[in-house]
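Okay, so here's the structure we're looking at.
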Amino acid sequence: MTHLSASQLLRAASIKHKIESLQKQLSRLFASPDSATSPPKRRKMSTAGRRKIAAAQRARWAKMKGRKSAAKPVKKARREMSAAAKAKISAAAKKRWAKAKAAGKSKL
């Protein structure tokens, strides 16, 4: 390239320009008619979806930086067992163990 004169470089640039314009004309000829008129369809995301993604990314950044995330996980409420139910389960376990020990077993 360094050995070319200015006129040769200008001629090469004009030839390259002609080639590009011919390639554009060829692509217009071979393109399907509906693809040239309509832009490609884009998938849309709901606002709620974007919010979820943003919250997840914030949580990942917070985890990387060593801080707790802004949203605290909601703990499930623990179910409490009534005293009668606890007594019933305890009685059944005692009955099973008594039967096992009478049979000479140390495991159930």
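Just so you know, all these numbers are worked out from the coordinates, no wet-lab data involved. Not measured: the values here are computed from a predicted model. Reconstructed Cβ throughout: ideal geometry from the backbone, glycine too, with neighbour counts over all protein chains shown.
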Using θ = phi - 60° and the Karplus curve 6.51 cos²θ - 1.76 cosθ + 1.60, what whole-Hz ³J(HN,Hα) does each residue of segment 52-57 get, with Gly and Pro shown as x? 4, 5, 5, 5, 5, 5
Of the options M81, Q23, G66, report the single residue whose Cα projects farthest towards the positive end of the charge dipole of the chain (beta-carbon charges: Lys, Arg +1; Asp, Glu -1). M81
Reachable lysines from K94, criterion Cα separation under 21 angstrom, eight or more residues apart if same chain: K86, K105, K107
Whichever lysines have a C-alpha closer than 27 Å to that of K24, once near sequence neighbours (fewer than 8 apart) are set aside: K16, K41
Per-residue HN-Hα couplings for segment 91-108, Karplus 6.51 cos²θ - 1.76 cosθ + 1.60 at θ = phi - 60°, whole Hz, x for Gly and Pro? 5, 5, 5, 4, 5, 5, 5, 5, 5, 5, 5, 5, 7, x, 9, 9, 10, 7
Diffing segment 10-17: the Karplus 3J(HN,Hα) column from phi (6.51, -1.76, 1.60, θ = phi - 60°), in whole Hz with x for Gly and Pro, holds 4, 5, 5, 5, 5, 5, 4, 4
